[in-house]
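Report on the structure given below.
The values are calculated or read from the model by the stated rules, or taken from the named source; none is laboratory data. These numbers were taken from a predicted model, which means no experiment stands behind them. Every residue, glycine as well, gets a Cβ built from its backbone with ideal geometry; the counts of neighbours run over all protein chains shown. Quick note on the areas: whole protein, heavy atoms, side chains included, nothing else; ligands and nucleic acids left out. Shrake-Rupley method; radii C 1.70, N 1.55, O 1.52, S 1.80 Å.
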Amino acid sequence: MIHHPIIKVALPVPLPRLFDYLQAEDGSLTPVGSRVLVPFGRRKLVGVVIGHAAESALPPEKLHRIVRPLDESEPLLDPQLLKLLQWCWKYYKAAPGEVVLSALPPLLRNAQGALPLPPVQYRLTAAGKQRLGQPAGRAKTQFAMLEAMADGPKAADILSSIGTQWRKTLSRLVEEGWVGEETVKPAGLVVTPGPPLTPEQQKSVDHISHDLKHFHCHLLDGITGSGKTEVYMNLIEKVLSAGRQTLVLVPEIGLTPQLLRRFRQRLGLEPAVIHSSLSQGKRLAAWAEARAGRAALVVGTRSALFTPLPRPGLIILDEEHDSSFKQQDGFRYSARDVAVKRAADLKIPVVLGSATPSLESLSNAALGKYAWHRLRERANRASLPHWRVLDLCQQKTHQGLSAPALDAIAETLERQEQVMVFLNRRGYAPVLMCHQCGWHGSCDRCDANLTWHRSAGRLCCHHCGSQRKAPNLCPDCRADALMGAGEGTQQLEESLEQRFPGVPVLRFDRDRTSRKGVMDRQLDEVMKGEPCVLVGTQMLAKGHHFPKVTLVVIVNVDQAMYSADYRALERMGQMLQQVAGRAGRMEKAGTVILQTLHPEHPALELLLTQGYEAYANWLLEERRLAGLPPAGYQALLRAEAHERSQVEQFLGEALKIFPPGEAKAHGPIPAIMERLGGRSRMYLMLLSPGRASLHRQIDQWQLLLPDLPSARKTRWALDIDPQEL
Ligand code: ADP
Ligand code: ZN
Ligand code: ZN
């Protein structure tokens, strides 16, 4: 027997280590993967046991005893998942507790939370059937409840509509022996066959499903409408019928009711859905169903990646290029990269799907690390859209739209078809400006203009969220000369309504669709197929099928061409391609009008004439020349503080002690938006031709950073494989 075994616990604090505790008073050792409640300073925290040890570096009198274990039965997290989380905190240089706790549903992060029991249902016993054969007598409610179960077992929430005292009634029926309680068996797979696959789809399905017992990463590079989702469903069907589970990850705005409906219709079962806007109870229930192996199909956003799966068979990541797969604060991980790692650990295939794959994935495919599946035909024979580039230098615009664009909109509506106008800027106007003295509304806390939301009468900062009332007169010169400059979605909506009276204009942006039910109502209206104009942001670009949309107008994308972020052009190309993919998805060919001040931009021309792959290759070559990812490996040391000088001082000191080697540190460099929420933000950029050297040098460096004299005056963090500058 080991005396005083030590329990090593991950706690939700931003410190890069585990904490030692003594086992509980009764001497039982809490198993690895279980939660414990422990004293931490004056607080009590929920942590997860990561390991046991015979001794601690702390002297025995400094060690505290855990308050109590929190998981009665078996550990919440299995060894394989713990191993993945451990890899994550090492690779991302993150605090173990932040990593491990983020893998738990929020309700399990506090001491009151517990795994829910599996759902139960109630079934008539033989005696109950007999009772049903007799007259109801005075026990009317009891009888009604028995009748409700006559055609099969029912869950409690269905029975709850019977009488106000339904619980009492129900337990009475159980006591009488008329009704039995049983665990609900999850619905089995009932496949409704889909359309026959196209040769391209068939080839991908055959290749990927040929070997489902080993790890391999597949890039499903298929243009919009090429039937990627159909490929996923065929693969899922194979994996589920082999008795294994599938995890599907989608971007935040890709988890649409339409997608879930397609899964339900094809597979006949209810996917367990995990994302942050669900109620915490529902999220926990879905997680528990997956963990118990009862949910065969798990669909979720980024954080669902860490859902426990006792019978894993396949991981699919849809729209793999989407930036919402990267977490931008706290535990800064890439769900795409960790998904590939998880699949490798589990020895199962992983499919990364996109119409516009990231340069990282394209480069891995070109190097032969990923199997590359190209789908270049539209599955339902819809034709690809024509591009029309309108040079804005030659045109006057009316609230952002040029005359040819307005004409095209009018013609499309006359043909009884639908139009989508795309602008990546919500609000009424990006800035409220004084035409007398040039004053304009800017945020006090960020390097940003305040966006004018005219209907609400407010100026809002889209970066830090601060707001104020919009002035009526210029705050500087008191002139009555305030006007909006530039366009936002609200203004476009208004001017289109004036221009095309009687035609519904439906706005899709965060301001509008955050109200409950609005999104569904507007989608229903579009689906009716009557002529209408959809106005919206990026939100419109993803996941939806609008069969009647035959014209897409892209108001402006020029910002990306001057951006200091080397990923801006990659994102612009992806966005253009995705938006264009919304046009003409059915029998009608579509047109995409792109308004720009730079029709001659070489990358743009390549994209429009030769397509995304050629465009991406051009960008890849540029990255190679600059040694930027994916041709090199990158990390940032980010720092922020109220005073710019403190940030500069810390990063300056950090730069001096960066260990020598292949990886080089550059900076300090101001973040693209240097002031945000009243804080000054800068970074050091670490670049290396090799991944191993970069990590080795950072690991050494990380130990030294907390001891720098200025380290306490700034908030700092490492960002490995960053996505934003
Ligand atoms: P993606 O996910 O690549 O955008 P989808 O899987 O959503 O493509 O398919 C686009 C449309 O084509 C859908 O309406 C789908 O039902 C249809 N489709 C997909 N595969 C086929 C096929 N093999 N035959 C006929 N229609 C198909
Ligand atoms: Zn003024
Ligand atoms: Zn701000």
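The table below lists the values:
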{"item": "Condition met for Tyr612 (over 27 Å from Cys88 (Cα atoms) and under 25 Å from the mean Cα position of the chain (by Cα))", "result": "yes"}
{"item": "Filter result (within 18 Å of Trp701 (Cα to Cα) and surrounded by 20 or more Cβ atoms within 10 Å (Cβ to Cβ)) within region 659-671", "result": "Ala663, Ala665, Pro668"}
{"item": "Which listed residue is open to solvent by less than 10 Å² (accessible area, probe 1.4 Å), in contact (Cβ under 8 Å) with a residue 24 or more places away in the chain and of a type in the set (D, E, K, R), from Asp520, Asp509", "result": "Asp509"}
{"item": "Residue within region 39-49 that is open to solvent by less than 30 Å² (accessible area, probe 1.4 Å), closer than 30 Å to Trp716 by Cα and assigned to a loop (DSSP other than H, G, I, E, B) present", "result": "no"}
{"item": "Among the candidates Glu493, Glu530, residue that is open to solvent by 60 Å² or more (accessible area, probe 1.4 Å) and not hydroxyl-bearing (Ser, Thr, Tyr)", "result": "Glu530"}
{"item": "Among (1) at pLDDT 95 or above; (2) on the phi > 0 side of the Ramachandran plot, the one test that Arg35 misses", "result": "(2)"}
{"item": "1 or more residues touching a Pro at 6+ places or on another chain (Cβ under 7 Å) and either modelled with pLDDT of 90 or more or surrounded by 13 or more Cβ atoms within 10 Å (Cβ to Cβ) (or both): qualifying strands (runs of 3 or more DSSP E) within region 112-223", "result": "120-124, 216-222"}
{"item": "Test: residue in region 555-567 that is farther than 20 Å from Thr224 by Cβ, out of contact with any Gly (no Cβ under 8 Å at 6 or more places or on another chain) and without any contact (Cβ under 8 Å) to a residue 12 or more places away in the chain", "result": "yes"}
{"item": "Helices (runs of 4 or more DSSP H) completely within region 454-566 that count 3 or more residues being polar (S, T, N, Q) and more than 16 Å from ligand 3 (Cβ to nearest atom)", "result": "489-499"}
{"item": "Residues of region 244-262 satisfying the condition of being modelled with pLDDT of 95 or more and either more than 20 Å from the chain's Cα centre (by Cα) or assigned to a helix (DSSP H, G or I) (or both)", "result": "Arg244, Gln245"}
{"item": "Test: residue in region 268-276 that is farther than 25 Å from Gln327 by Cα, more than 16 Å from ligand 3 (Cβ to nearest atom), of a type outside the set (Asp, Glu) and not in a loop (DSSP other than H, G, I, E, B)", "result": "no"}
{"item": "Some residue of region 464-484 being open to solvent by 10 Å² or more (accessible area, probe 1.4 Å), closer than 30 Å to Thr591 by Cβ and either within 16 Å of ligand 1 (Cβ to nearest atom) or touching a residue at least 40 places away in the same chain (Cβ under 8 Å) (or both)", "result": "yes"}
{"item": "Failed item, numbered, when Val389 is tested on (1) closer than 20 Å to Leu604 by Cβ; (2) open to solvent by 80 Å² or more (accessible area, probe 1.4 Å)", "result": "(2)"}
{"item": "Total residues in region 628-654, condition closer than 12 Å to Glu674 by Cα and open to solvent by less than 30 Å² (accessible area, probe 1.4 Å)", "result": "3"}
{"item": "Residue, least open to solvent (accessible area, probe 1.4 Å), within region 72-96, restricted to residues that are acidic (Asp, Glu) and closer than 11 Å to Val32 by Cα", "result": "Asp78"}
{"item": "Flag for Ser455 being among the small types (Gly, Ala, Ser), over 19 Å from His435 (Cα atoms), away from ligand 1 (no atom under 16 Å from the Cβ) and open to solvent by 90 Å² or more (accessible area, probe 1.4 Å)", "result": "yes"}
{"item": "One residue from Ala366, Ala343 being of a type outside the set (Asp, Glu), farther than 25 Å from Leu594 by Cβ and surrounded by fewer than 19 Cβ atoms within 10 Å (Cβ to Cβ)", "result": "Ala366"}
{"item": "Out of Leu432, Leu401, sole residue that is over 22 Å from Met572 (Cβ atoms) and open to solvent by less than 20 Å² (accessible area, probe 1.4 Å)", "result": "Leu432"}
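Residues are listed down the side, and each one gets a yes or a no for (1) over 30 Å from Gln202 (Cα atoms); (2) free of Cβ contacts under 8 Å to residues at least 12 places away in the same chain; (3) open to solvent by less than 10 Å² (accessible area, probe 1.4 Å); (4) in contact with a helix residue (DSSP H, G or I) (Cβ under 6 Å, 6 or more places away or on another chain):
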| position | (1), (2), (3), (4) |
| --- | --- |
| Ser276 | yes, no, no, no |
| Gln280 | yes, no, no, yes |
| Ala285 | yes, no, no, no |
| Arg311 | no, no, no, no |
| Thr356 | no, no, yes, yes |
